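So the structure is just underneath, and the comments pick up after that.
The values are calculated or read from the model by the stated rules, or taken from the named source; none is laboratory data. Since the structure is predicted, the reported quantities are computational estimates derived from the model, not experimental observations. Methodologically, a virtual Cβ is constructed for each residue, glycine included, from the backbone with ideal geometry; neighbour enumeration extends over all protein chains shown. Ligands, DNA and RNA are stripped out before the accessible areas are found, and what is left, the full protein with its side chains, is counted by its heavy atoms. Shrake-Rupley method; radii C 1.70, N 1.55, O 1.52, S 1.80 Å.
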Amino acid sequence: MRRLVFLMLGLFSLSVHAVTLDDLQQRFSQQPVLRAEFSQQRSVSGMDQKLNSSGILVISRNDGLWWQQEKPFALSLLLTDSRMVQTMAGQPPQTVTAQNNPQMFQFNSLLTALFHADHRALEQNFTLDFSDRGQGNWKLVLTPKTSPLNRLFKTITLEGQTFLNNININDMQGDVTQIRFFNQRTEPKTLTDAEKQHFSS
């Protein structure tokens with residue numbers, strides 16, 4: 001009976017343990033490869049109709065991020081430590097590096113930091129407001145404090161539990177972008193041959 005009580009107390013203590021930003025970064029860093037589907041909805045100021053898109057993404061701790069929009073048209077975005085490559089059907093790839101476009105390449109580092117919850121990198125450009133919402137749920141509100149981010153965005157809000165589930169972006173033009181991630185998978189723990197092709201292209 002005493003052993004059962006201790007077990008129940010142990011489970012309870014796990015359930016009430018507050019999530020911290022350090023916990024989150026450690027958790028994400030232990031995921032070598034993450035795959036997910038996404039849906040994105042953008043509300044543009046002055047437009048009644050919302051813009052919707054969807055697709056898949058792969059995040060590799062060692063290789064970078066590959067974002068494949070499938071609807072309403074094909075568009076891929078590859079982010080690595082050294083380059084950012086955007087490809088649209090029927091058009092040649094557009095490549096950005098720190099050398100040829102330092103400001104644009106800054107967004108490369110920003111996106112990588114967002115998906116890895118790298119708070120030390122985020123703190124360089126944002127004021128961070130992290131909150132534990134109970135039962136493993138969390139919320140992180142980023143308020144830009146450096147240029148040019150503070151001229152582009154009001155806030156960027158991340159929400160999730162085991163994984164990052166939502167990104168809400170409010171920009172200075174009054175536009176709102178909502179990105180939802182679902183069907184997250186961490187197996188296999190290494191890139192498949194097909195996925196390796198995306199990062200080597």
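May I ask you to compute the full-extension gain from residue 168 to residue 196, defined as 0.36 nm times their residue separation minus their alpha-carbon distance, rounded to one decimal in nm? Walk me through the numbers on the way to the answer.
Values: separation 28, 0.36 × 28 = 10.08 nm, distance 2.94 nm.
Here the answer is 7.1 nm.
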Next item on the list: For the stretch 19-200, give the percent of accessible area contributed by carbon and sulfur heavy atoms, probe 1.4 Å, rounded to a whole number.
Entry: 48 percent
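Helix-only estimate, please: 222 nm mean residue ellipticity of the chain, summing -39500 (n - 2.57) across DSSP H runs of length 4 or more and dividing by its residues, to the nearest 500.
Rounded to the nearest 500, it is -8000 deg cm²/dmol.
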Next item on the list: Taking only the C-alpha atoms, wrap a convex hull around the stretch 19-200 and report its volume per residue in Å³ as a whole number.
Entry: 132 Å³
Check: Based on the Cβ-Cβ distance of residue 61 and residue 139, what FRET efficiency does E = 1/(1 + (r/R0)^6) give at R0 = 35 Å, to the nearest 0.05?
Finding: 0.90
Check: Which FRET efficiency, nearest 0.05, do residue 121 and residue 48 yield, Cβ-Cβ r, R0 35 Å?
Finding: 0.40
Check: In a GNM of the chain with a 10 Å cut-off on Cα contacts, which of 75, 164, 65 has the highest mean-square fluctuation?
Finding: 75
